[in-house]
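> Questions regarding the structure given below will be posed in turn.
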Amino acid sequence: MNEMDLKQVYEIRDIILKYLNGNINDKEEIQLNHWLGEKKTNNKLFREIVDQETMILFTTRFKELEEGKAEVFQHICDQIDRPRSRFIWLLSSGKFRYIAAAISILFISMAAFYLINQNSTPDYSIEVRNKDLAPGRNTATLLLADGSVITLDSAENGVLAQQGNAKVIKLDSGQLVYEKGHNSSDAAAAYNTISTPRGGQYQLQLPDGSKVWLNAASSLRFPTVFNDKERKVELAGEAYFEVAQVSVKAGKKIPFMVDILPSPGEASVGQVKVLGTHFNIMAYADEGDIRTTLLEGAVKVTKGASTTLLAPGQQAQMEEIGQIKLVENANIEEVMAWKNGYFQFNRADLPSVMRQIARWYNVDISYEGKIPDRKFGGKISREANASEVLKILELSDVHFRIENKQIVVIP
């Protein structure tokens, strides 16, 4: 192994340590993804390192080694070829001391073998027919009260329309804002609908000052002016809300309500009621349940006769049979990953992973043969092309082919 190869080994080792400890930055993540895509041997080495069973073995063995049982070292090296787990595993920071030492031993002991033999093995690659799939972007359409439609991403900045007493404004940032005029509470109600396609997302500010972020394949119907009794909107898909507190002259706060629809125009299947709070609703029709996750404040979730009050950090899961399941400690980082520009998985099965990819890359998913039984964990940037994301998923021994606007899953 020459000096340049050894330098790269130590550099990649340090990046992998940061990945496993959860503090890798964007630049390092790009560098890691590039390294993974270079050689099949790089993928093999990475799979060995992030394998859950192997890592537990190595951290345990290293503790013994640190306590003076040096003879265990040879046994560690003998375990390198153990069968792999099918789960890309992220480690808790509490174990990092032993993880770092164990990976250093593992990485350095294996790297020479892989670097020596890297030219004799074909690379991993995603078969792409025609062209790769670009990630989603800020794009949406706005349906006005008179039935006219504005394509927001191509519309010029400034005032787009006058809806009753409210001006519809597109800011330089691309955000949509409703600026209410005087005596707006006396104006007749008119409704607008903003819709994102698959491969799109968008942000808007409602007439009351509440902010909404729409994920892909979602829609929000809302009045251009809210009255003094309630603020009600209708959501299909997924959105994150930061609701402004609004009070009438007597000091009474006006509640904000989200009716959850399975698809635009269909009857409500549940409702979330708040005063001023931050929360996320995931209500895609192709997912198994509807999930409302509270970040700040308090909300009441209703489905049929069932009602649940949420505190920050809790999640309500509305099941099809009408029950509401309460999750005490929701994974907020995973819930908010889409808004923060990532895919994040925590022991997710392959179909659920591919549904997210389908919505973001505006593609259809098909399977050749039996759907592989895999579990995925980790974080991947949503700014990457589809082939780059699929290369990372292939670390879990599943393969893909891109054909036009379709991703084929190959066992």
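> Between a first residue in segment 137-152 that is under 12 Å from ILE194 (Cα atoms) and a second residue that is among the basic types (Lys, Arg) and not in a loop (DSSP other than H, G, I, E, B), which pairs have beta carbons less than 8 Å apart while being 6 or more apart in sequence or on different chains?
As it stands, the answer is LEU152/LYS170, since those pairs meet every condition given.
> Then there is this: Being at pLDDT 90 or above, touching a strand residue (DSSP E or B) at 6+ places or on another chain (Cβ under 7 Å), in a strand (DSSP E or B) and surrounded by 16 or more Cβ atoms within 10 Å (Cβ to Cβ): is that true of ALA239 here? Break it down into steps so the answer makes sense when it comes.
Numbers: at pLDDT 90 or above: yes; touching a strand residue (DSSP E or B) at 6+ places or on another chain (Cβ under 7 Å): yes; in a strand (DSSP E or B): yes; surrounded by 16 or more Cβ atoms within 10 Å (Cβ to Cβ): yes.
So ALA239 passes the test.
> With respect to ALA161, is the statement that it is at pLDDT below 95 and more than 12 Å from ASN192 (Cβ to Cβ) true? Working first, answer last.
Working: at pLDDT below 95: yes; more than 12 Å from ASN192 (Cβ to Cβ): no.
No: the conditions fail for ALA161.
> Quick one: in segment 261-280, which of the residues that are of a type in the set (A, V, I, L, M) and closer than 20 Å to PRO207 by Cα is surrounded by the most Cβ atoms within 10 Å (Cβ to Cβ)? Break it down into steps so the answer makes sense when it comes.
Pass one, segment 261-280, residues of a type in the set (A, V, I, L, M): 261, 267, 269, 272, 274-275.
From what is left, the residues that are closer than 20 Å to PRO207 by Cα are 272, 274-275.
Numbers: VAL272: 26, VAL274: 23, LEU275: 18.
Selected residue: VAL272.
> Any idea which of VAL353, VAL363, VAL301 is in contact with a helix residue (DSSP H, G or I) (Cβ under 8 Å, 6 or more places away or on another chain) and over 16 Å from GLY199 (Cβ atoms)?
From the options VAL353, VAL363, VAL301, the qualifying one is VAL353.
> Right, here's the next one. Could you say which residue among GLY369, GLY377 is surrounded by fewer than 21 Cβ atoms within 10 Å (Cβ to Cβ) and within 18 Å of ALA337 (Cβ to Cβ)?
On the way: GLY369 fails: within 18 Å of ALA337 (Cβ to Cβ).
The conditions single out GLY377.
> Does any residue of segment 383-397 turn out to be at pLDDT below 90, assigned to a strand (DSSP E or B) and under 17 Å from ASN33 (Cα atoms)?
No, the conditions are met nowhere in segment 383-397.
> If ASN329 meets every condition in (1) buried (at least 17 other Cβ atoms within 10 Å of the Cβ); (2) not in a strand (DSSP E or B) apart from one, which number is that one?
ASN329 satisfies every listed condition except (1).
Residue by residue, here is whether (1) within 15 Å of ILE254 (Cβ to Cβ); (2) over 18 Å from the mean Cα position of the chain (by Cα); (3) free of Cβ contacts under 8 Å to residues at least 60 places away in the same chain holds:
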residue: GLY164; (1), (2), (3): no, yes, no
residue: GLY174; (1), (2), (3): no, yes, yes
residue: TYR178; (1), (2), (3): no, yes, yes
residue: GLY181; (1), (2), (3): no, yes, yes
residue: ILE194; (1), (2), (3): no, yes, yes
residue: ASP208; (1), (2), (3): yes, yes, yes
residue: TRP213; (1), (2), (3): no, no, no
residue: ALA216; (1), (2), (3): no, no, no
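> Give me the helices (runs of 4 or more DSSP H) completely within segment 12-73, filtered to those with at least 3 residues that are modelled with pLDDT under 70, ordered by residue number.
Working: elements: 26-38, 40-50, 52-66.
Answer list for segment 12-73: 40-50, 52-66.
> On the given criteria, is SER396 touching a residue at least 40 places away in the same chain (Cβ under 8 Å), over 26 Å from ASN280 (Cβ atoms) and not assigned by TED's automatic domain parsing to the domain that holds ALA216? Outline the logic, then answer.
Numbers: touching a residue at least 40 places away in the same chain (Cβ under 8 Å): yes; over 26 Å from ASN280 (Cβ atoms): yes; not assigned by TED's automatic domain parsing to the domain that holds ALA216: yes.
Yes.
> Select from segment 351-390 the residues that are under 11 Å from the mean Cα position of the chain (by Cα) and not basic (Lys, Arg) and list them in ascending order.
VAL353, GLN356, ILE357, TRP360, GLY378, ILE380, SER381
> Okay, moving on. Out of segment 127-161, which residues are outside any loop (DSSP other than H, G, I, E, B) and acidic (Asp, Glu)? I'd like the intermediate steps shown before the answer.
Within segment 127-161, the subset outside any loop (DSSP other than H, G, I, E, B) is 127-129, 137-138, 141-143, 149-151, 158-161.
Within segment 127-161, GLU127 is the sole residue that qualifies.
> Right, ARG221: surrounded by fewer than 23 Cβ atoms within 10 Å (Cβ to Cβ), without any contact (Cβ under 8 Å) to a residue 60 or more places away in the chain and under 24 Å from SER154 (Cα atoms) or not? Step through it out loud before you land on a result.
On the way: surrounded by fewer than 23 Cβ atoms within 10 Å (Cβ to Cβ): yes; without any contact (Cβ under 8 Å) to a residue 60 or more places away in the chain: yes; under 24 Å from SER154 (Cα atoms): yes.
In short, yes.
> Identify, please: which residue in segment 113-138 is under 19 Å from GLN201 (Cβ atoms) and buried (at least 18 other Cβ atoms within 10 Å of the Cβ) and is, among those, modelled with the lowest pLDDT? Even if it seems obvious, please write down each step before you answer.
Here is the first cut: in segment 113-138, the residues under 19 Å from GLN201 (Cβ atoms) are 133-138.
Checking which are buried (at least 18 other Cβ atoms within 10 Å of the Cβ) leaves us with 133, 136.
Working: LEU133: 90, GLY136: 94.
This residue is LEU133.
> Looking at VAL159, is it farther than 30 Å from LYS391 by Cβ and surrounded by fewer than 18 Cβ atoms within 10 Å (Cβ to Cβ)? Spell out how you get there, then give the answer.
Values: farther than 30 Å from LYS391 by Cβ: yes; surrounded by fewer than 18 Cβ atoms within 10 Å (Cβ to Cβ): yes.
Yes: the conditions hold for VAL159.
> If you don't mind, another one. How many of the residues making up segment 250-280 are under 23 Å from ASP208 (Cα atoms) and at pLDDT 85 or above? Even if it seems obvious, please write down each step before you answer.
So the first thing to find is which residues in segment 250-280 are under 23 Å from ASP208 (Cα atoms), and the list is 250-261, 264, 268, 270-280.
Then drop every residue that is not at pLDDT 85 or above, which leaves 253-261, 264, 268, 270-274, 277-280.
So the count comes out to 20.
> Out of all the residues in segment 263-306, which are part of a loop (DSSP other than H, G, I, E, B), farther than 17 Å from VAL327 by Cβ and touching a strand residue (DSSP E or B) at 6+ places or on another chain (Cβ under 7 Å)?
Filtering segment 263-306 for residues part of a loop (DSSP other than H, G, I, E, B) gives 263-269, 275-277, 284-289, 297-298, 304-305.
From what is left, the residues that are farther than 17 Å from VAL327 by Cβ are 263-269, 275-277, 284-286, 297, 304-305.
SER263, PRO264, SER268, VAL269, LEU275, THR277, TYR284, GLY297 - these are the residues of segment 263-306 that are part of a loop (DSSP other than H, G, I, E, B), farther than 17 Å from VAL327 by Cβ and touching a strand residue (DSSP E or B) at 6+ places or on another chain (Cβ under 7 Å).
The values are calculated or read from the model by the stated rules, or taken from the named source; none is laboratory data. None of these values were measured; they are calculated from a predicted model. A quick note on method: Cβ atoms are made from the backbone with ideal geometry, for glycine too, and the neighbour counts reach across all protein chains shown.
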